[in-house]
Amino acid sequence: MLTTPANCVATSDRARENERLFFKLPLDRIVIHPTFWYRWVTPWLNGYPEANVAPAPPLDEFVPFDPTRYVELIDLPQAHLEYLRKTREEGKRPLRFGHIPHVLVAGPIETDGLRIISWEQQART
């Protein structure tokens with residue numbers, strides 16, 4: 001199972017206005033489309049707009065997604081925590097998912113019947 005933002009879903013039972021909602025996605029709903037794993041290792045312009053970094057991530061950080069190797073993250077990657085610390089020290093606003101691996105799907109994902117979870121919930125529940 002993957003989680004993906006469900007911000008486009010209008011729900012009447014949101015506890016807070018800024019609550020972040022996500023879909024819990026079964027892998028079989030995404031692998032019907034071309035799907036890639038993006039490692040998000042190397043700093044690049046998107047996450048470091050004022051730094052002297054590459055304008056795009058290296059292509060070798062994108063690999064075809066293999067659902068048999070997918071494992072949900074239990075904790076945030078250390079690189080993400082360091083990125084948050086650094087941007088906070090610099091007084092900048094960080095990207096929410098900088099240095100967190102991404103699964104990129106080239107196609108629509110059917111969301112009917114999927115469970116919606118909030119940011120505060122653990123992904124494994």
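All of the numbers you see were taken from the coordinates with simple rules; none came from a lab. Predicted model only: the values in this text are computed from it and were never measured. Don't worry about glycine lacking a Cβ; one is built from the backbone with ideal geometry, like all the others, and counts go over all protein chains shown.
The stretch between I109 and Y70 holds 12.2 nm of extra length on full extension. This uses 0.36 nm per residue minus the Cα-Cα distance.
L84 sits among other residues whose Cβ lies under 13 Å from its own Cβ, and their net charge, with Lys and Arg +1 and Asp and Glu -1, is +3. Between L25 and L2, T3, T4, the built amide H atoms are under 5 Å apart, and every one of these is 5 or more places off in sequence or on another chain. Couplings for the range 50-60, taken from phi via the Karplus curve 6.51 cos²θ - 1.76 cosθ + 1.60 with θ = phi - 60°, read 9, 8, 8, 10, 4, x, 8, x, x, 4, 6 Hz in order; Gly and Pro are left as x. Phi angles across the range 88-100 convert, under the Karplus curve 6.51 cos²θ - 1.76 cosθ + 1.60 with θ = phi - 60°, into 3J(HN,Hα) values of 5, 4, 7, x, 9, 8, x, 6, 5, 10, x, 6, 10 Hz, Gly and Pro given as x.
Applied to the range 112-117, the Karplus parametrisation 6.51 cos²θ - 1.76 cosθ + 1.60 on θ = phi - 60° returns per-residue 3J(HN,Hα) values of 4, x, 7, 6, 9, 10 Hz, with x for Gly and Pro.
Rg ratio for the range 61-125: its Cα radius of gyration over 2.2 N^0.38 Å, N being its residue count, equals 1.39.
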